[in-house]
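The values are calculated or read from the model by the stated rules, or taken from the named source; none is laboratory data. Everything numeric here is computed off the predicted structure, so don't read it as measured data. So basically every Cβ, Gly included, is an ideal-geometry build from the backbone, and we count neighbours across all protein chains shown.
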Amino acid sequence: MTESSLTDTVAPGSTLPADSTGAAGVSGKAPKGYIPTLALSNFGLYMALLTPVLVSLAFKVQHITDSPEQATNALGLIMGVGALFALVCNPLVGRLSDRTVSRFGMRRPWMLGGVLVGLAAFALIGVATDVWVVLLGWCVVQASLNGVMAASTATVPDQVPVNSRGKVSGIIGLTTPLGILGGSFLVNFLHDDLTRFVVPGLIAAVFVAIFVFTLKDRVLTEKPAERYGVKEFFGSFVFNPRKHPDFGWT
């Protein structure tokens, strides 16, 4: 499979109408294999992220703290700060991927790079003997894997026509509870801290890699002319509910 077969070039200088429905248009079909590989990727990501939230982090902090009170405080700190990193990095990476100029595509570099960084951070958490190292590792995990999710979600309007997006969103939505179930089942066979973090992370890395290397990603040949900075990032959270009532209700 050649690199050119995995990418589709998009002219960055063209303008889209205000009611633009994305690169995939209104009707038609998603590329063959896109939906199952996207679902597989999301399943792996949710399993890797939610298994620590539900099980692995609690075990880890118990093993490196001296009392139940310390473990509870440490777990709250780790989860809270990690959630802030997820909150910021998800929309940030999504927007940056919209502006990425690479011969490998707009989304693929962020997904592949993010899942590899996340896997390394899982290994760091697994061998850590200090709460602050676990905190650092978990922040990196949240930032990197939420970035992967943002880039993979951005492929939906790239690849899926409007009339099929509801179905695709429903399928993707199922991967959250399935990821929880899969992680809850898997962790019963993992008996030390390192494997509880690395094995789900490794599964996610494999599933994301399958999606990345089968994705016919869009390619920008020039960076978009519009500026994107701190003001634009925070401004993206502001909207007019009267102009966008459906989104307002959501």
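Among the residues of the stretch 137-152, is any within 21 Å of Tyr34 (Cα to Cα), surrounded by fewer than 24 Cβ atoms within 10 Å (Cβ to Cβ) and in contact with a Lys or Arg (Cβ under 8 Å, 6 or more places away or on another chain)? No, the stretch 137-152 contains no residue that is within 21 Å of Tyr34 (Cα to Cα), surrounded by fewer than 24 Cβ atoms within 10 Å (Cβ to Cβ) and in contact with a Lys or Arg (Cβ under 8 Å, 6 or more places away or on another chain). For the stretch 154-183, the set of residues classified as free of Cβ contacts under 8 Å to residues at least 60 places away in the same chain, surrounded by fewer than 16 Cβ atoms within 10 Å (Cβ to Cβ) and closer than 15 Å to Pro31 by Cα consists of Lys167 only. Residues of the stretch 204-218 that are surrounded by fewer than 20 Cβ atoms within 10 Å (Cβ to Cβ) and of a type in the set (Val, Ile, Thr): Val206, Ile210, Thr214.
If you go through the stretch 118-133 and pick out every residue that is under 25 Å from Phe207 (Cα atoms) and either in contact (Cβ under 8 Å) with a residue 24 or more places away in the chain or surrounded by 20 or more Cβ atoms within 10 Å (Cβ to Cβ) (or both), you end up with 8.
When you look at Ala143, is it in contact with a Cys (Cβ under 7 Å, 6 or more places away or on another chain) and farther than 19 Å from Phe59 by Cβ, yes or no?
So Ala143 fits the description; yes.
Scan the stretch 102-113 and tell me whether some residue there is surrounded by fewer than 17 Cβ atoms within 10 Å (Cβ to Cβ), among the hydrophobic types (A, V, I, L, M, F, W, C) and at pLDDT 95 or above. Scanning the stretch 102-113, I find no residue that is surrounded by fewer than 17 Cβ atoms within 10 Å (Cβ to Cβ), among the hydrophobic types (A, V, I, L, M, F, W, C) and at pLDDT 95 or above, so the answer is no. Screening Phe197 with (1) within 19 Å of Leu38 (Cβ to Cβ); (2) buried (at least 22 other Cβ atoms within 10 Å of the Cβ) gives one miss only, at (1).
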